[in-house]
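The values are calculated or read from the model by the stated rules, or taken from the named source; none is laboratory data. Keep in mind it's a predicted model, so treat the numbers as computed, not measured. Quick reminder, even Gly has a Cβ in these numbers, built from the backbone with ideal geometry, and neighbours come from all protein chains shown. With ligands, DNA and RNA removed, areas are computed over all heavy atoms of the protein, side chains included. Shrake-Rupley method; radii C 1.70, N 1.55, O 1.52, S 1.80 Å.
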Amino acid sequence: MTVETLVTLSAATRDLSIAATAGALLVIAGVLPVGHAAVARASLIARVGSILWVVGAFAHSLATYASIRGALPDASRFIEEWWSYSTSVDLLQAYLQVLLAGLIASVLCTLVRTPALAAWSLVPVAWALGWLAQTGHAAGAADHHLATSAMFLHLAGATVWTGVIGVMVVLRGVLGGTAKDAMIRVSRLAIWAAAAVIVSGIANGAIRLATPAELWTTPYGRLLLLKTALMCVAIALAAWHRRVALPRLSDAAVARRFWRLMAVDVGALVAVMGVAAVLASTAPPVPIEALAEPSPAYQLTGYALPPAPSFATWVGLWRLEIIAAFVLVALAAVYLIGVLRLRRRGDAWPWHRTASWLAGIVLMLWITQGGPTVYGMVTFSGHMLEHMLLVMVAPVPLTFGAPITLALRALPPRRDGSVGPREWIRIVVESRWMRFWAHPIVAATSFAGFLIVFYYSPLFELALRNHAGHLWMTLHFTVVGYLFVNALVGVDPGPTRPSYPLRIVLLFATMAFHAFFGVAIMMSTVLLAPTYFGLMGRTWGPDAITDQQYGGGVAWGIGELPVVLLAIGIITAWRREDAREVKRRDRQADRDDDAELRAYNAMLAATAEEDAQRER
Ligand code: HEM
């Protein structure tokens, strides 16, 4: 067996083992009833899968090093050399991270019995996929950020899809009466995973093929076609399952055929994973070549310097960030499915909340895919605008959309002791940890305080230079903004909201802090992230420090609009509450013949009587 074959085989083993581990953990976390017999079998699969993951990852890293080295030195020196490469060379460092994540997962999987621990044990899986996404052809691709994002989404989708379907086939003998419900839940998960695989697969393919014709004229393209064909077989089988067999799973004959075809389905997906491993070691038609003379902007951002900013470029320049785009479109789709479900049940949902949510999603799409992201990578002022839109502006319409309230109303509760989406939302929202961060004072402090922490710590450069860091910043500031706005004017459950006057005080105190931060930046002559913005080599706009001072103005200025909107929101809610209180008191007065007023008058009369007595 050649070293190259060993590389491909160990990569396939590693990827399939990660899929088996992730599939078993997902099934425990969100499909099977707690304490069901199948849980023990699923955690056994997770344990075995994570051990095979470690073996596959280790073999793959050794084989990759051997293929790089070209010759096999004697054993003692080989491991030594492999280790020093694994701690110094990007590619092998990534494989070492995948191996370490496997070791951590294999320890956690020995303890997994509950949905909560199964969910936490998915963290090393995501970590490993994050590192894998930065290897292979994605590493040197022209649009590096898109290539790694698309690869992460692809690997995550492929891992979930193959994992949950594969694990259910292994568990079929112990599912008993829960088989039908479990399969319905798994097929929903598989649909989302398949959507992620297809969208990111097309993006991956588009990066590596120069023309569609290369799909059938190149070995790489033909492998892609084979993958797509196998995937279509899997999708066709899955569609048949859902439509024909699943509703009649209680029928023994149908069940036998169902599981036989499920095994074929899994076989097709495993075959796709195998083809994918071959694809990863096949040269793509678009050669991976480093630019001969990359500009400073290209070296820092991975992209050419965008043109000087204008209204046209702010609205016309778009750069696909596929993970954010996929998540945002999915959030819009899930929200609309929830509204339709309420409608079908005859329950109303205010149209302005739906409109507000969708407006927030559209705004987020522009922030994460358009001008704010493009200019946020090359200028401080652009970055500050992106940041302020994320933390101050987009959370306002998103919060008015009341997503948690809709989810808790639209999602059916599980009755078999399993933990579904509705139960998970409640677990998170009602957790002590979330209650702490959602508390109005804490939400206001993190809303304002994180500004300082972010800009005056290495986090800022991490978000500028590292794509995963940038995605973390996007998520973090949007959530911090949502928690703050929800504490002041939201209806979603979570925070114990203070009185209206205190909310107004909280709002203005927080905004004053923001303004103070903005002014401090405007006055500052010390460049933040100097080896980034200072070396960008921009051919347009002011110098870096002046641009930073503009950024301070943005931080100060952009806060005004949300403050006005939130203040109006608080006062409107206050007045509504007052009106409701008046109505309630009126109804009470009608019911008890105004007992409260009479009691009050009686108290006044008694006081007057006492006073009169005392004066006598
Ligand atoms: C629309 C169908 C699909 C397309 C167009 C597609 C395309 C791609 C492309 C272009 C790559 C990058 C290969 C490279 O490194 O150059 C890739 C990798 C990969 N694909 Fe797909 N794919 C599709 C479906 C699937 C499915 C259904 C699965 C499994 C369920 C899958 C699993 C994988 C895996 C595991 C890798 C990473 C291979 C590695 O780096 O070791 N793909 N895919």
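Projected label points at L535 and V34, each 7 Å from Cα along the beta carbon direction, are separated by 5.3 nanometres. Computed from Cα positions, the angle between helix 544-557 and the longest principal axis of the chain comes to roughly 40 degrees.
In the full protein context, the range 502-616 carries 64 Å² of accessible surface per residue, based on a 1.4 Å probe and ignoring ligands, DNA and RNA.
Ligands, DNA and RNA left out, the accessible area of the chain computed with a 1.4 Å probe is 69% carbon and sulfur. Seen from A579, the other residues with C-beta closer than 13 Å to its C-beta sum to a net charge of +3, counting Lys and Arg as +1 and Asp and Glu as -1. Only Cα pairs under 8 Å and 6+ residues apart enter the sum, and on that basis the relative contact order of the chain stands at 12 percent. With respect to the chain, whose longest principal axis is taken over its alpha-carbon atoms, helix 252-280 is tilted by about 70°. Rolling a 1.4 Å probe across the protein heavy atoms gives the range 312-446 an accessible surface of 44 Å² per residue. Taking every alpha-carbon pair under 8 Å whose residues sit at least 6 apart, the range 1-135 reaches a relative contact order of 32 percent. Here the dipole of the range 155-276 is about 320 debye; that uses its Cα centre as origin and unit charges on the Cβ of Lys and Arg (positive) and Asp and Glu (negative).
Candidates Y482, I361, P498 compared by Cα position along the dipole of the range 304-558: farthest toward the positive end lies P498, with charges placed on Cβ.
Would you please give the FRET efficiency between A236 and R415, computed as 1/(1 + (r/R0)^6) with r the Cβ-Cβ distance and R0 = 41 Å, to the nearest 0.05? Approximately 0.80, to the nearest 0.05. Ordering I568, Q613, A579 by Cα displacement along the dipole of the range 559-616 toward the positive end leaves I568 in first place; charges were set at the Cβ atoms of Lys, Arg (+1) and Asp, Glu (-1). Summing charges over neighbours of R222, with a neighbour being any other residue whose Cβ is under 14 Å away from its Cβ, gives +1 when K and R count +1 and D and E count -1. Accessible surface calculations at 1.4 Å, restricted to protein heavy atoms, place the range 141-219 at 38 Å² per residue.
Taking 0.36 nm per residue of sequence separation and removing the Cα-Cα distance, the F516/W472 pair yields an extension gain of 13.3 nm. Only one residue of V39, A448, T228 has its Cα farthest out toward the positive end of the dipole of the chain, where Lys and Arg carry +1 and Asp and Glu -1 on Cβ, and that residue is V39. If only the Cβ of Lys and Arg carry +1 and only the Cβ of Asp and Glu carry -1, the dipole of the chain around its Cα centre is close to 2380 debye.
On full extension, the segment bounded by M523 and L103 gains 146.2 nm, given 0.36 nm per residue less the C-alpha separation.
Using C-alpha pairs under 8 Å with a sequence gap of at least 6, the mean separation divided by the residue count of the range 144-289 gives a relative contact order of 31 percent.
If R0 is 25 Å, the Cβ-Cβ spacing of D592 and Y500 corresponds to a FRET efficiency of close to 0.35. Put a dot 7 Å past the Cα of R243, heading toward its Cβ, do the same for L604, and the two dots end up 7.6 nm apart. Look at where the Cα atoms of the range 551-602 and of the range 26-89 average out, and the two centres are 59 Å apart. Model label points for W433 and T546, set 7 angstrom from Cα along the Cα-to-Cβ axis, are 4.7 nm apart.
Give me the net charge of S381's neighbourhood, meaning all other residues with Cβ under 14 Å from the Cβ of S381; Lys, Arg count +1, Asp, Glu -1. Net charge around S381: -2. A straight chain from A271 to V48 at 0.36 nm per residue would run longer than the Cα-Cα distance by 78.2 nm. What do you get for the angle between helix 90-109 and the principal long axis of the chain? Use alpha-carbon atoms, 0 to 90 degrees, nearest ten. Tilt relative to the chain: about 70 degrees.
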